[in-house]
Amino acid sequence: MLRSGRVQAADRELQALLADRRRVLGDDHLATLTTRYYLARVVTRRGRLADARARFSRLAPHAAMLLGDEDRLVLEIRHGAAVVEALSGRLAAAEAALEEIHAVRNRVYGPGDPDTLATREQLVWVVGTAGRVSTALAESSRVLQDTVRVLGEHHPHSLAALYRRIWVLGLAGRRAEAFDLLPRFEALTREVGADELRCASLTAWLLRLDGRLDSAARASAAAVDLHTEVLGPHEVETMRSLDALGLVHLLQGRLPAAETIFRDVLDRRIRELGEEHLDTLVARMHLAGVLMRRGHFSAAARELALMRDGVRGVDPEHPLVRRLPDVGWGR
């Protein structure tokens, strides 16, 4: 259900299943704990980060008390909580948590265990997002080689490691190498029936980074259509794909079109995610940028002022904070 991208249905079904398992099996049963974990993951994917953080915070000590600190499910729960911290802009806390989880997994289950390898891939994501691209670049290569060697290239963790390698190459400006790997990622995505949404977004992102704006516009529009078809218009990943299309229009100089998209994205994110969600803050920054380009400085200043309280909780290394001077307002 998660891989298909139909998160709304997964949310409803898991909530119903959790109610049944609590009634029949009780709160302490392994099946109940596992369902709570999967529901927290779905809530995370839907962008409801405060809800997800609360769910993981309640679940982690309960599961650890019943199963022990080194149990696989307990470590999965702690991993999920770390992902929520990263998505909330608290990169240092997320990295520290993932490093600790990796140490336990490496010691208890071994370096070739799928969960150990997955933790390394997620650490690459956090480190790369924090701007330590050279570190992420070196580790992403090692993670990909180790994961494919141990699990084979068709394993979901190998596909995730390949995705992460392409992403880091894009961040590092080594786009030719990223494009060289992209056809293999697309082929493997089709062969294993993996999430085609991620492939569509990655392709559009690389084309934009490479300055192929006409191709990027077509790929971004196709990604929006695909996300809308699979997820619906109001899911967090659909809104991100639409925001990416707005960035292409901005680079093309199509400022009215970009402004229209950014306003639409901002309205959806306020309604679905709330004013303080990181994605909402990003939407305000993008809208402020296009307003400045159009000479609407007072309106841009209002949008930036609305970011001030929200961005205080975001680590200085986060790209949202690092890019603020580019739109005329430093932290």
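What follows is calculated from the coordinates using simple rules that are stated; it is not laboratory data. Small disclaimer: the values here were computed from a predicted structure and weren't measured. No Cβ is skipped: glycine too gets one built from the backbone with ideal geometry, and neighbour counts run over all protein chains shown.
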Report the paramagnetic label zone for GLN145: residues of the stretch 102-138 whose backbone N is under 12 Å from a point 7 Å from Cα along the Cα-to-Cβ axis.
138
Summing +1 for each Lys or Arg and -1 for each Asp or Glu, what net charge is found among the other residues whose Cβ lies under 13 Å from the Cβ of ARG294?
+1
For the pair ARG72 and ARG23, what calculated FRET efficiency results from E = 1/(1 + (r/R0)^6), where r is the Cβ-Cβ distance and R0 = 25 Å, to the nearest 0.05?
0.45
Gain upon complete extension [GLU177, ASP214; 0.36 nm per residue less C-alpha separation]
11.2 nm
Formal net charge of residues neighbouring PHE56 (Cβ-Cβ distance under 11 Å; K, R +1; D, E -1)
+3
Pop a pseudo-label 7 angstrom from the Cα along the beta-carbon direction at both GLU275 and SER298 and give the gap in nm to one decimal.
2.1 nm
First measure r as the distance between the Cβ atoms of TYR109 and THR34, then evaluate 1/(1 + (r/R0)^6) with R0 = 25 Å and state the FRET efficiency to the nearest 0.05.
0.90
May I ask you to list the residues of the stretch 238-255 whose amide nitrogen lies under 18 Å from a point 7 Å from Cα along the Cα→beta-carbon direction of THR228?
238-250
Alpha carbon convex hull of the stretch 93-190, volume per residue in cubic angstrom
80 Å³
Dividing the Cα radius of gyration by the Kirkwood radius, what Rg/Rh value follows for the stretch 50-154?
0.99
Per DSSP, loop trypsin sites (Lys or Arg not before Pro) in the stretch 146-186 with at most 16 further Cβ within 10 Å:
ARG174
Taking the number of other C-beta atoms within 10 Å as the exposure measure, put LEU117, LEU151, LEU59 in order starting with the fewest.
LEU151, LEU59, LEU117
What is the angle, in °, between the Cα long axis of helix 196-209 and the longest principal axis of the Cα atoms in the chain? Nearest 10 is fine, range 0 to 90.
40 degrees
Rounded tilt (10° steps) of 72-87 against the dominant C-alpha axis of the chain
10 degrees
Computed [θ] at 222 nm, helices only, for the chain once each DSSP H run of length n ≥ 4 contributes -39500 (n - 2.57):
-26000 deg cm²/dmol
Taking the Cβ of ALA97 as the center, what net charge do the other residues with Cβ under 9 Å away carry, scoring Lys and Arg +1 and Asp and Glu -1?
-3
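Quick one: Cα convex hull volume of the chain, Å³ per residue?
128 Å³
Above 20 angstrom, tally the Cα pairs of the stretch 213-331 and express them as a % of all pairs, no decimals.
41 percent
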Both in Å, the radius of gyration and Dmax of the C-alpha trace of the stretch 1-95 are 13.1, 40
